[in-house]
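**Q** Structure in structure tokens, see below.
The values are calculated or read from the model by the stated rules, or taken from the named source; none is laboratory data. Please read all numbers here as calculations on a predicted model, not as lab measurements. Positions of Cβ are generated from backbone atoms using ideal geometry, with glycine treated the same way; all protein chains shown enter the neighbour counts. The accessibility values were calculated without ligands, DNA or RNA, using every heavy atom of the protein model including side chains. Shrake-Rupley method; radii C 1.70, N 1.55, O 1.52, S 1.80 Å.
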Amino acid sequence: MIRKTNQTRIAYDFIRNAIFRGELKPGTTISEEWLGNHLNISRTPVREALIRLQADGLITVVNNRASVTPITPVDIQEIYELRLLLEPYAARVCIGLIDKGEVRRVRDFTRRLLDETVGGPNGRGRHVTAAEAEGPDIPHRGRTPGKRDEERDRHVHDIHELIIGSTRNQRLLTITRTLQGQINLLLNAAERIPGRIVQSMEEHLCLIDAILADDPVKAEEHMRTHIRTNMNDMLNPANFRFIFKE
């Protein structure tokens, strides 16, 4: 039972991370046979992993055919409208409850990453990951991300999780956990927009400053601005070629 559970987790994490890193593009078919052979695990844990990914909204299964869920403008509109209702409230409520040591950790990491990114060859561009350079193919050789990719993916959005977790509102936590996979999928797409990740980090720093200053009004305002500008960038037709590229 333990071995089966571990294999399910391995398959789940492999596909989930490949989607978030952009290695598995929206619409890409995921074969149970391919995944099982690639990871050297049996069909049953693979099938269970795909069921979990479907529940997360990351894959769609039609006629026993699994594929990465496509992103549409309607998805963007609906998810960001929900975030606009929930997360500014969370930013206001977290004041006085959030662990400021953790907030400072995220601030310091964000500042360091922002300095590295802005210092790149294009000024306000960002580092291109190996996954992007390799193009849209399935990660057919078990390619793993570099240390920098893993560190960025793990920490750059931590402030949102910290804020929501600090509200101590269990229903809010449940709702956001249900949406988290789809939110991460959109964040991955948003980062393909030139300059978007830099702007997001700058907006995060404004939000963090308000939290550290114990200012609930400013924290709510900065969170709302951050989510709205992200949504507007993603719904800008000029950016569709970055978000919906195959």
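**Q** I'm checking my understanding of the structure. Among residues of region 29-63 that are in contact with a Gly (Cβ under 6 Å, 6 or more places away or on another chain) and under 30 Å from His226 (Cα atoms), which one is surrounded by the fewest Cβ atoms within 10 Å (Cβ to Cβ)?
**A** Among them, the one singled out is Gly57.
**Q** Please verify whether Arg16 is open to solvent by 60 Å² or more (accessible area, probe 1.4 Å) and more than 18 Å from Leu187 (Cβ to Cβ), treating the condition exactly as stated.
**A** Values: open to solvent by 60 Å² or more (accessible area, probe 1.4 Å): yes; more than 18 Å from Leu187 (Cβ to Cβ): no.
Against the criterion (open to solvent by 60 Å² or more (accessible area, probe 1.4 Å) and more than 18 Å from Leu187 (Cβ to Cβ)), Arg16 does not qualify.
**Q** Still on this model: Evaluate region 81-104: report whether one residue or more is crowded, with 20+ Cβ neighbours inside 10 Å, of a type in the set (A, V, I, L, M), touching a residue at least 24 places away in the same chain (Cβ under 8 Å) and touching a strand residue (DSSP E or B) at 6+ places or on another chain (Cβ under 7 Å).
**A** No, every residue in region 81-104 fails to be crowded, with 20+ Cβ neighbours inside 10 Å, of a type in the set (A, V, I, L, M), touching a residue at least 24 places away in the same chain (Cβ under 8 Å) and touching a strand residue (DSSP E or B) at 6+ places or on another chain (Cβ under 7 Å).
**Q** For region 64-76, name all the residues that are assigned to a helix (DSSP H, G or I) and surrounded by 13 or more Cβ atoms within 10 Å (Cβ to Cβ).
**A** Listed by number, the residues that qualify are Pro73, Asp75, Ile76.
**Q** Out of all the residues in region 185-199, which are assigned to a helix (DSSP H, G or I), closer than 25 Å to Asp56 by Cα and either aliphatic (A, V, I, L, M) or modelled with pLDDT of 95 or more (or both)?
**A** Within region 185-199, Leu185, Leu186, Leu187, Ala189, Ala190, Ile197 qualify.
**Q** Write out, first by first residue and then by second, each pair whose Cβ atoms fall under 7 Å of each other, whose residues are 6+ apart or on separate chains, and whose first residue, in region 168-181, is within 13 Å of Tyr89 (Cα to Cα) while the second is of a type outside the set (S, T, N, Q) and open to solvent by 50 Å² or more (accessible area, probe 1.4 Å).
**A** From region 168-181, the pairs are Arg168/Leu97.
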